[in-house]
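In what follows, a single structure is set out as structure tokens and then discussed.
The values are calculated or read from the model by the stated rules, or taken from the named source; none is laboratory data. Worth saying up front: this structure is predicted, and the values here are computed from it rather than measured. A quick note on method: Cβ atoms are made from the backbone with ideal geometry, for glycine too, and the neighbour counts reach across all protein chains shown.
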Amino acid sequence: MCFGNCARCTGYKLLVLALLCIVANILLYFPNGETRFASEHHLSKYVECLHGILGGGFLVLLPAIVLIGRHQVCCAGAGHEDCGKGCLMLSSVLAAFVGILGSGYCIIISALGLSQGPYCLTTVGRNWIYPFTESSGGYLLEYKKWSQCQEPQNIVQWNVTLFSILLVLGGIEFILCSIYIISAILRGICGLCSHHEEVGPFFR
């Protein structure tokens, strides 16, 4: 039986997660639906790292597409009963590894973005600064301080929500890709063991 059903299921999950990451990262560019802050470069530096678009998005779309199409390509090119279990194993594992790199990048940047806080116009001094940098993420529980940011309006809530979503989505992507790689390696090892057990008696 072809090792495609599980791969295809994982691929569809990664596809949905990658698209959600892209949408979440795009929303980060437009606080409250306004475009002027992006054009004026009044956004957090971590928003411009493209961690959701590039990392959790396009780099995860690669393993998603490979895993979704793995069954058809494998069965079309193998031409024997077991559909050539190993015909695309290496390529799918490498694609999943790319997914791990992309999702890992998404996780790291999201965590840094949450830790540093938003770039905003503050009530104190009327300057564009990172008012929560020194808190090392402590501001997340100090809701009363969020009002320090005057513009963009509700930028703290906007950033915290979207960075948290990207952090969770990236974490799920990382887990799915890791599980696929581990299961693929174990299947490969078990396949080799079974092959040796079948061939071995003929050489005794």
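General remarks:
- Checking each residue in region 155-178 for being within 26 Å of LYS144 (Cβ to Cβ) and either surrounded by 23 or more Cβ atoms within 10 Å (Cβ to Cβ) or over 10 Å from the mean Cα position of the chain (by Cα) (or both) picks out ILE155, VAL156, GLN157, TRP158, ASN159, VAL160, THR161, LEU162, PHE163, SER164, ILE165, LEU166.
- Any hit, region 115-124, residues being part of a helix (DSSP H, G or I), at pLDDT 85 or above and at negative phi: yes
- Residue that is modelled with the highest pLDDT, among those in region 55-95 that are out of contact with any helix residue (DSSP H, G or I) (no Cβ under 7 Å at 6 or more places or on another chain) and over 14 Å from ALA7 (Cα atoms): PHE58
- Here GLN150 meets each of (1) at pLDDT 95 or above; (2) of a type outside the set (Lys, Arg); (3) surrounded by fewer than 18 Cβ atoms within 10 Å (Cβ to Cβ) with one exception, condition (1).
- Exactly one residue among LEU50, LEU67 is closer than 23 Å to SER164 by Cβ and of a type outside the set (Val, Ile, Thr), and that residue is LEU50.
- The requirement of being under 30 Å from SER135 (Cβ atoms), surrounded by fewer than 19 Cβ atoms within 10 Å (Cβ to Cβ) and modelled with pLDDT under 95 is satisfied by ARG36.
- Cβ-Cβ under 6 Å pairs, at least 6 apart or on other chains, region 112-124 side buried (at least 18 other Cβ atoms within 10 Å of the Cβ), far side charged (D, E, K, R): LEU121/GLU151
So that you can scan it fast, the table gives a plain yes or no per residue for (1) small (Gly, Ala, Ser); (2) over 19 Å from PHE163 (Cα atoms); (3) in contact (Cβ under 8 Å) with a residue 60 or more places away in the chain:
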residue	(1), (2), (3)
SER110	yes, no, yes
ASN127	no, yes, no
THR133	no, no, no
GLY138	yes, no, no
TYR143	no, no, no
